[in-house]
Amino acid sequence: MIYFDNTATSFPKPPCVAEAMVKFMNDIGANPGRSGHRLAIESGRIVYNAREAVAELFQLADPMRIVFTSNVTEALNLALHGLLKPGDHVITSSMEHNSMMRPLRCLEQKGVEVTVIPCSQQGRLDPADIESAIQPNTVMVALNHASNVTGSVLPIEKVGLIARAHDLLFLVDAAQTAGVLTIDIEKDCIDLLGFTGHKSLYGPMGTGGLIVGERVDLNAFDMIKCGGTGSRSEHENQPEFLPDKFESGTPNAVGLAGLNASLRWILTQGVDQIRSHEIRLTKLLIAGLKTIPRVQVYGTLNAEQQIATVSFNVLGKEPSEIGLRLDEEFDILCRVGLHCSPASHKTMGTFPAGTVRFGLGFFNTKEQVDYAIAAIRKLAEEVK
Amino acid sequence: MNEPKYAVILVDSTSHAMRIERLLNSADIDCKMIPVPRQLSSDCGVCVRVRFDDVDRVKKQLEHDRVEFQVIYDI
Ligand SMILES: Cc1ncc(COP(=O)(O)O)c(C=O)c1O
């Protein structure tokens with residue numbers, strides 16, 4: 001079986017991830033941050049270790065600025081619903097995932113003004129277009145770091161500088177890039193960074209977080225849930241400090257045990273190593289697909305300017321048919337359709353049928369890419 | 001002499017306690033996470049216990065790392 005759906009979630013995971021989770025379930029198990037006994041402390045320590053590992057990955061000095069959430073969707077909802085007020089203006093792109101677009105459309109109903117900057121058909125964003133969209137009431141720029149449809153990487157360093165120069169908050173959705181591209185919160189002028197554990201961080205589902213930078217005014221940042229935090233139990237009001245203000249309820253400690261393990265694995269491998277392997281495979285895949293008549297490949301067509309996600313179509317066949325036949329006849333698992341991002345497909349001109357998407361990962365090989373290219377060639381030859 | 005043997009550092013939350021434990025460990029200062037003694041706070045959380053003799057070093061280290069803590073009590 002060939003798993004080419006790493007963009008949806010990475011699989012397999014490094015073995016250390018499941019090992020850490022089994023160990024947590026069998027030997028630790030207690031509620032982190034609630035009680036004060038040995039096992040509770042051990043459990044809290046594991047959650048803290050995960051916090052430190054995230055801080056190390058993103059060059060963050062203070063691990064307390066990491067708020068754990070159940071995925072990037074929750075992180076983006078927290079940032080957007082927590083900070084945007086009626087009358088505020090926010091700028092985003094036309095390559096966003098629905099995790100960004102839907103909360104924004106929901107806020108639009110409540111009086112937040114939303115500008116969507118069109119990207120090119122290849123998924124490229126011109127930072128100058130962001131700058132010219134700034135209005136007196138603009139408070140935030142919210143962007144994904146790389147598209148989950150074309151894989152194209154958006155120029156966040158340049159946009160970060162523009163946002164900073166205009167004193168706007170900069171929110172980045174790093175769902176597809178955390179762990180494969182170097183992200184430096186300070187240098188890239190990022191105020192809020194959302195990440196998810198189960199994709200390019202190779203951790204379990206149900207983990208993720210929001211990094212809250214020092215420029216974010218905590219007093220103007222509403223929580224979207226309140227509850228028990230294990231701190232200040234004598235008070236009925238929510239604590240005002242990080243991370244507790246936004247971390248109510250028992251966390252996914254077993255998931256964070258797994259995330260801690262996967263982050264250590266990434267830090268040991270090196271983000272650059274992972275990236276180089278993915279660039280090699282992406283180059284091969286793009287080059288191979290391009291040689292097949294009647295196959296159209298979308299995006300930048302440049303492995304250096306995108307992540308290991310490649311969208312294409314076999315002209316004359318529906319993406320859904322390709323997906324089914326790859327699964328049934330070739331044992332290749334991928335995702336077809338709109339990939340939770342109708343805006344991207346409208347930008348690319350592939351709405352509403354969508355595309356076939358190969359999402360490669362660290363555990364894929366050159367042989368698998370060659371085999372998949374041959375499979376697509378066979379399917380394309382059927383179209384006459 | 002009736003000097004106290006230990007002091008405890010009270011902090012905002014378990015995460016903060018963990019951070020202090022990590023920082024003190026890397027500075028080679030002995031510490032242990034314990035439940036907050038009832039006489040100090042009605043909170044249900046944990047605090048960090050250090051040796052009384054180390055209190056000055058602890059304070060210096062935490063100031064150096066710019067970590068906030070509420071207060072240090074002798075126990
Ligand atoms: C760019 C982007 N943003 C957000 C998400 C949502 O991730 P999650 O389902 O982990 O919240 C995804 C993946 O589905 C994504 O690719």
Q: Can you confirm whether the stretch A:213-224 contains a residue that is at pLDDT below 95, away from every other protein chain (no Cβ under 14 Å) and within 16 Å of the ligand (Cβ to nearest atom)?
A: yes
Filtering the stretch A:82-97 for residues that are within 11 Å of the ligand (Cβ to nearest atom) and open to solvent by 40 Å² or more (accessible area, probe 1.4 Å) leaves a count of 1
Checklist entry - Is there a residue in the stretch A:242-264 that is surrounded by fewer than 18 Cβ atoms within 10 Å (Cβ to Cβ) and touching a Leu at 6+ places or on another chain (Cβ under 9 Å)? => result no
Among helices (runs of 4 or more DSSP H) entirely within the stretch A:260-366, at least 3 residues that are modelled with pLDDT of 95 or more occur in A:271-290, A:319-330
If we keep only residues of the stretch A:30-46 that are within 12 Å of A:Leu256 (Cα to Cα) and of a type outside the set (A, V, I, L, M, F, W, C), then the residue farthest from the other protein chains (Cβ to nearest Cβ) is A:Ser43
Among (1) part of a helix (DSSP H, G or I); (2) surrounded by fewer than 18 Cβ atoms within 10 Å (Cβ to Cβ); (3) aromatic (Phe, Trp, Tyr), A:Phe24 falls short only on (2)
Scanning the stretch B:39-60 residue by residue, those in contact with a strand residue (DSSP E or B) (Cβ under 6 Å, 6 or more places away or on another chain) and modelled with pLDDT under 85 turn out to be B:Leu40
By residue number, the members of the stretch A:48-62 that are part of a helix (DSSP H, G or I), within 11 Å of chain B (Cβ to nearest Cβ) and surrounded by fewer than 22 Cβ atoms within 10 Å (Cβ to Cβ) are A:Asn49, A:Glu52, A:Ala55
task: Report yes if A:Asn31 is away from the ligand (no atom under 16 Å from the Cβ) and over 20 Å from A:Gly208 (Cα atoms), otherwise no.
output: no
Okay, strands (runs of 3 or more DSSP E) sitting entirely in chain B with 2 or more residues that are more than 14 Å from chain A (Cβ to nearest Cβ) and in contact (Cβ under 8 Å) with a residue 24 or more places away in the chain, I get B:6-10, B:46-51, B:71-74
Go through the residues of the stretch A:2-13 one by one and say whether even a single one is open to solvent by less than 10 Å² (accessible area, probe 1.4 Å) and either in a helix (DSSP H, G or I) or out of contact with any helix residue (DSSP H, G or I) (no Cβ under 8 Å at 6 or more places or on another chain) (or both). yes
Across (1) in contact with a Cys (Cβ under 8 Å, 6 or more places away or on another chain); (2) at pLDDT 90 or above, B:Pro35 clears everything bar (2)
| said: Taking the criterion of being within 17 Å of A:Thr300 (Cβ to Cβ) and within 11 Å of the ligand (Cβ to nearest atom), would at least one residue in the stretch A:135-144 satisfy it? | reply: yes
Scanning the stretch A:229-252 for residues that are more than 23 Å from A:Asp191 (Cα to Cα) and in contact (Cβ under 8 Å) with a residue 60 or more places away in the chain, the one farthest from the other protein chains (Cβ to nearest Cβ) turns out to be A:Asn252
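The values are calculated or read from the model by the stated rules, or taken from the named source; none is laboratory data. Just so you know, these numbers come straight off a predicted model, no measurement behind them. Note that each Cβ is placed from the backbone with ideal geometry, even for glycine, and that neighbours are counted across all protein chains shown. Please note that ligands, DNA and RNA were not included when accessible areas were found on the heavy atoms of the full protein model with its side chains. Shrake-Rupley method; radii C 1.70, N 1.55, O 1.52, S 1.80 Å.
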